[in-house]
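Have a look at the structure below before the remarks.
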Amino acid sequence: MTKYMDYTSPDTQFTFDLNTSNLYKKDNYNLINVLGVNQLNTLEGSSLLDIFLSKSNFVEPHYHQNASELVYCISGKANVSMLNPFTNEIQTYPITPGQVANVPQGWWHYEEALADRTHLLAIFDAPTPLVILGSNILKFTPSNVMAHNYCMDENQWIKTTATVNPNTYIGPSCAPAQNRPYTETASPYWYPQGYSYNYHYPYQP
């Protein structure tokens with residue numbers, strides 16, 4: 001549904017600073033910023049997540065009930081994996097700067113950073129990206145339901161999922177920050193304020 005906007009209003013927004021809109025922060029190198037109609041009121045049919053990951057970190061398994069997701073790699077390298085509901089197979093697509101992977105609406109998927117300083121842009125065809133996270137499914141489904149349906153010992157299920165935190169977003173959630181393979185202390189954005197990327201397009205001389 002399109003939100004009515006009075007473009008003569010002084011409250012009309014045409015710009016927004018994503019750095020002020022954090023959705024989730026694991027540490028200074030693994031975080032997600034969000035932009036939707038709640039942040040920029042002139043947006044109608046799109047939204048995005050600005051994702052920063054260090055090597056071996058994941059955007060946890062999840063699905064978007066209201067939108068498809070186009071994942072664009074700005075820097076670093078990542079695997080975008082999804083469960084194809086028509087073949088029941090996991091399909092994995094590596095992407096590097098300038099490449100994209102498309103996740104259809106409602107497909108179970110996750111992203112893994114294959115390099116430090118991986119920067120991904122996830123673009124959605126909905127004004128607010130809604131999500132159902134794997135961690136929430138594991139924690140909010142009653143343990144007796146999981147045990148009964150999958151023929152498990154309920155106490156073992158409770159023990160196995162004890163370290164799962166709802167709204168994990170970026171995993172692994174059990175790895176201490178000091179175990180990162182690099183020791184930078186700078187901003188996760190790894191460029192100073194006002195700096196512009198110096199892209200070299202392959203068709204430039």
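None of the figures in this text is laboratory data; all of them are computed from the coordinates on show. Note that the structure is predicted; figures quoted are calculated from it, not measured. All Cβ positions, even for glycine, are placed from backbone atoms using ideal geometry, and neighbour counts span all protein chains on display.
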How many residues of segment 21-39 are hydrophobic (A, V, I, L, M, F, W, C), surrounded by fewer than 20 Cβ atoms within 10 Å (Cβ to Cβ) and over 15 Å from Glu111 (Cα atoms)? The answer is 3
Taking the stated definitions as given, is Gly106 surrounded by 15 or more Cβ atoms within 10 Å (Cβ to Cβ) and at positive phi?
no
Checking Ile74 against (1) touching a Lys or Arg at 6+ places or on another chain (Cβ under 9 Å); (2) closer than 23 Å to Asn28 by Cβ, which single condition isn't satisfied?
(1)
Kindly indicate whether any position in segment 135-156 is touching a strand residue (DSSP E or B) at 6+ places or on another chain (Cβ under 9 Å), farther than 25 Å from Val34 by Cα, surrounded by fewer than 19 Cβ atoms within 10 Å (Cβ to Cβ) and not hydroxyl-bearing (Ser, Thr, Tyr).
no
Since Ile137 meets every condition but one in (1) closer than 20 Å to Pro166 by Cα; (2) touching a residue at least 12 places away in the same chain (Cβ under 8 Å), which condition does it not meet?
(2)
Name every residue in segment 109-130 that is within 25 Å of Asn28 (Cβ to Cβ) and crowded, with 17+ Cβ neighbours inside 10 Å, in order of residue number.
Tyr110, Glu111, Glu112, Ala113, Asp116, Arg117, Thr118, His119, Leu120, Ala122, Ile123, Pro129
